[in-house]
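Asks: Below: one structure in structure tokens.
Laboratory data are not the source of any read-out in this text; all were calculated from the coordinates shown. Note that the structure is a prediction, hence the values are computed from the model and not measured. Don't worry about glycine lacking a Cβ; one is built from the backbone with ideal geometry, like all the others, and counts go over all protein chains shown.
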Amino acid sequence: MNSPNNNNNNNNQFPTNWYAIYTKPRAEKKVFERLVLSGFNAYLPLVTSIREWSDRKKKIATPLISSYVFVNTKHDELFNALTIKGTSGILRYLGKPAIIRDHEIENLKILMNDSEQFTKLENDTFEKGEEVEVIKGPFTGLIGQSLSIQGKHRIIIEIEALGSRMAVNVPLGFVRKRTTLTTK
């Protein structure tokens, strides 16, 4: 979600910057709406996913980054954003409000243009030996065991077939924990 740019400022004496506002848990959408209604230029990247219950499936939009809304404003107006109901603070660096660089916000917007290409992980931690399933990409359907996490974005999966073992390196967003159904 992107708000209209209500804070266009041609005066370089007081430039605007992007800041990350902390929200209360699951309050990102409401905080975004309240910021926009208050005249702030705000941005909330959302990912659409399908949630499945026993009786239905539903598409829902969830924040890409939990508990954050981005706001573009002058430094002296930043603390007015913190008076918005549902906010709980601001991301800080070395004791000062952290400035999010313009190109980082642009990167998020570019990613959101093709948000179908990645999956927001519901549970972003995998334990060694956990059974996982590849749900996207050329290895879709592959089932194996989590061997190790490579950085923040990739996972090594061990597959045992016909008495031999192989390892596959896939993006984390292409994998989910496998749940087994038990019968009574």
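Asks: Obtain the nm distance between the two label points defined at GLU104 and THR140 by a simple spin-label model: each point lies 7 Å from its Cα along the Cα-to-C-beta direction.
Replies: Going from the GLU104 label point to the THR140 one covers 3.4 nm.
Asks: Could I ask something else about it? ³J(HN,Hα) across the stretch 27-37 via Karplus (A = 6.51, B = -1.76, C = 1.60, θ = phi - 60°), whole Hz, x for Gly/Pro?
Replies: With coefficients 6.51, -1.76 and 1.60, one gets 10, 4, 5, 5, 4, 4, 4, 5, 4, 4, 4 Hz.
Asks: Let me ask something else. Kindly state, as a whole number, the per residue volume in cubic angstrom of the convex hull around the alpha carbon atoms of the stretch 9-85.
Replies: Normalising the Cα hull of the stretch 9-85 by residue number yields 98 Å³.
Asks: Find how much the distance from MET112 to LYS128 grows on full extension, using 0.36 nm per residue of separation minus their present alpha carbon separation; answer in nm with one decimal.
Replies: Details: separation 16, 0.36 × 16 = 5.76 nm, distance 3.10 nm.
Roughly 2.7 nm would be gained on extension.
Asks: Under 5 Å between amide hydrogens, which residues at least 5 positions from VAL175 or on another chain qualify, with H placed 1.01 Å from N in the peptide plane?
Replies: Residues meeting the criterion, in which the H sits 1.01 Å from N, are ILE135.
Asks: Highest mean first, how do 26-35, 90-99, 169-178 rank when packing is the count of other Cβ atoms within 10 Å averaged over residues?
Replies: Answer by packing, highest mean first, reads 26-35, 169-178, 90-99.
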